[in-house]
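K.L.:
Below is one structure. I have some questions about it.
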Amino acid sequence: MAAVAAAAAAGALRAVPRIRPVAEAARHLHTTPACLKTRAARVRVGKGDKPVTYEQAHAPHYIAHRKGWLSLHTGNLCGEAGAAERALEDAFLRRFLHGTFPGLLADAAVLKRRANLLVVCVLLVRGLAPAKLHFLGGYAETLLTHFYKCPVRLELQTVPAKVPYKYL
């Protein structure tokens, strides 16, 4: 038995290729230059045929200088809790408005929280009859009041068409 095992071990050693040391194996560090461009929430400049609103025309670092906040609340103050919940509620509310008023939103909605009251300011295009707009406004107020368990007031304004601020 021992002779058979020794013969098998010798055959296995012959089958394994010999490892040769690599002459001067060099290791290099590959780097790329840092891309210091911030591209988030910016509209790309095209041929001058893309209409943009005032909010889209200005970069995010101009908030509170050239444009205002679209969500006004005290959740980001030092020591205040619930900023993440408010951001999630804002995202839900904006999606709800896009679904309730399909293709009618002329600009982004402005959300204002005052104590227990939520005020939503929306600019709409005149695409529906006034009776339908009043119905959708009441429908949205009622549902949002039940969802948030606080009074919600919609301030709707209509414009004849989407007015672009400029073309990029």
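K.L.:
Restricted to segment 104-122, and to residues that are open to solvent by 30 Å² or more (accessible area, probe 1.4 Å) and within 18 Å of the chain's Cα centre (by Cα), which residue is nearest to residue 71 (Cα to Cα)?
P.N.:
Among those that are open to solvent by 30 Å² or more (accessible area, probe 1.4 Å) and within 18 Å of the chain's Cα centre (by Cα), it is 110.
K.L.:
Here's a follow-up. Tally up the residues in segment 82-132 that are part of a loop (DSSP other than H, G, I, E, B), over 20 Å from residue 72 (Cβ atoms) and not hydrophobic (A, V, I, L, M, F, W, C), please.
P.N.:
Of the residues in segment 82-132, 4 are part of a loop (DSSP other than H, G, I, E, B), over 20 Å from residue 72 (Cβ atoms) and not hydrophobic (A, V, I, L, M, F, W, C).
K.L.:
How many residues does segment 125-147 hold that are modelled with pLDDT under 90 and over 15 Å from residue 98 (Cα atoms)?
P.N.:
0
K.L.:
Evaluate segment 101-124: report whether one residue or more is touching a strand residue (DSSP E or B) at 6+ places or on another chain (Cβ under 9 Å), farther than 25 Å from residue 58 by Cα and of a type in the set (S, T, N, Q).
P.N.:
Checked segment 101-124: no residue is touching a strand residue (DSSP E or B) at 6+ places or on another chain (Cβ under 9 Å), farther than 25 Å from residue 58 by Cα and of a type in the set (S, T, N, Q).
K.L.:
Let me ask something else about it. Please pick out the residue among 81, 109 that is among the aliphatic types (A, V, I, L, M) and free of Cβ contacts under 8 Å to residues at least 12 places away in the same chain. Reasoning before the result, please.
P.N.:
On the way: 109 fails: free of Cβ contacts under 8 Å to residues at least 12 places away in the same chain.
Exactly one of 81, 109 is among the aliphatic types (A, V, I, L, M) and free of Cβ contacts under 8 Å to residues at least 12 places away in the same chain, namely 81.
K.L.:
Out of the residues in segment 52-76 that are more than 15 Å from residue 165 (Cβ to Cβ) and in a strand (DSSP E or B), state the one that is least open to solvent (accessible area, probe 1.4 Å). If you could, list the steps in order and put the result at the bottom.
P.N.:
Just the residues of segment 52-76 that are more than 15 Å from residue 165 (Cβ to Cβ), to begin with: 60-61, 63-65, 69-76.
In the following step, the residues that additionally are in a strand (DSSP E or B) were identified as 63, 71-72.
Details: 63: 48, 71: 30, 72: 70 Å².
Restricting to residues being more than 15 Å from residue 165 (Cβ to Cβ) and in a strand (DSSP E or B), the top hit is 71.
Residues are listed down the side, and each one gets a yes or a no for (1) β-branched (Val, Ile, Thr); (2) open to solvent by 50 Å² or more (accessible area, probe 1.4 Å):
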| position | (1), (2) |
| --- | --- |
| 50 | no, yes |
| 84 | no, yes |
| 90 | no, no |
| 99 | no, yes |
| 102 | no, yes |
| 126 | no, yes |
| 150 | no, no |
| 159 | yes, no |
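K.L.:
Go through (1) without any contact (Cβ under 8 Å) to a residue 12 or more places away in the chain; (2) of a type in the set (Lys, Arg); (3) closer than 23 Å to residue 51 by Cα one by one and return the number of the condition residue 149 breaks.
P.N.:
So the condition that residue 149 fails would be (3).
The values are calculated or read from the model by the stated rules, or taken from the named source; none is laboratory data. Small disclaimer: the values here were computed from a predicted structure and weren't measured. All Cβ positions, glycine included, derive from the backbone under ideal geometry; neighbour counts span all protein chains shown. Surface accessibility is based on the protein's heavy atoms, side chains included, excluding ligands, DNA and RNA. Shrake-Rupley method; radii C 1.70, N 1.55, O 1.52, S 1.80 Å.
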